[in-house]
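Notes follow the structure.
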């Protein structure tokens, strides 16, 4: 099986958020947002419910019994969609975000210093930091300036604030440049 195109992950939260931000001046129904984003109504409703509980959107009942509810953005948190739990509470950023942010600050580091810095705010194992660093090294974001036994890294590509993502198919996706920068293709493909 040969792969001719690479698929980028969809950030459904971000798509819904962009739709809300683009239509601040009017009420939108779940079905309107779902159609615009090409998502299921349940996906849209679940995120809108969390946004409402978090105070980001208001809900207005329809004018009569048959009219659907309308949603309007009340508190704009900026370009990035808020990461919220079902009850509207902000979620902690993923470990990869903390690792990436620390790499961008330190610029040169070894795995022990990276793990120590990240552990101040997020619990992360050395093995997780090692796996993430190895993938970023393979993708060309990091360069090993140490030796095989004691790796030290220098950040070569600082593409933005969003962390490059390790995908299940062994791809590294950078949301800052909207590009898959590395894909490991097994020999049988």
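The values are calculated or read from the model by the stated rules, or taken from the named source; none is laboratory data. Remember, predicted model here, so these are calculated numbers, not experimental data. Virtual Cβ from ideal backbone geometry, glycine too; neighbours counted across all protein chains shown.
Against the conditions (1) within 23 Å of residue 43 (Cβ to Cβ); (2) free of Cβ contacts under 8 Å to residues at least 12 places away in the same chain, residue 72 satisfies every one except (2). Residues in segment 147-171 that are within 27 Å of residue 81 (Cα to Cα) and at pLDDT below 85 were compared, and the one that is surrounded by the fewest Cβ atoms within 10 Å (Cβ to Cβ) is 168. Only one of the listed residues (78, 22) is modelled with pLDDT under 90, under 21 Å from the mean Cα position of the chain (by Cα), outside the structural domain of residue 118 (by TED's automatic domain parsing) and loosely packed, with under 12 Cβ neighbours inside 10 Å. That residue is 78. Of all residues in segment 30-44, those satisfying the criterion of being more than 17 Å from residue 80 (Cβ to Cβ) and surrounded by 16 or more Cβ atoms within 10 Å (Cβ to Cβ) are 30, 32, 33, 34, 36, 39, 43, 44. Starting from residues that are without any contact (Cβ under 8 Å) to a residue 60 or more places away in the chain and touching a helix residue (DSSP H, G or I) at 6+ places or on another chain (Cβ under 6 Å), keep the ones in segment 95-120 and report whichever is farthest from residue 171 (Cα to Cα). Going through the qualifying residues, I end up with 117.
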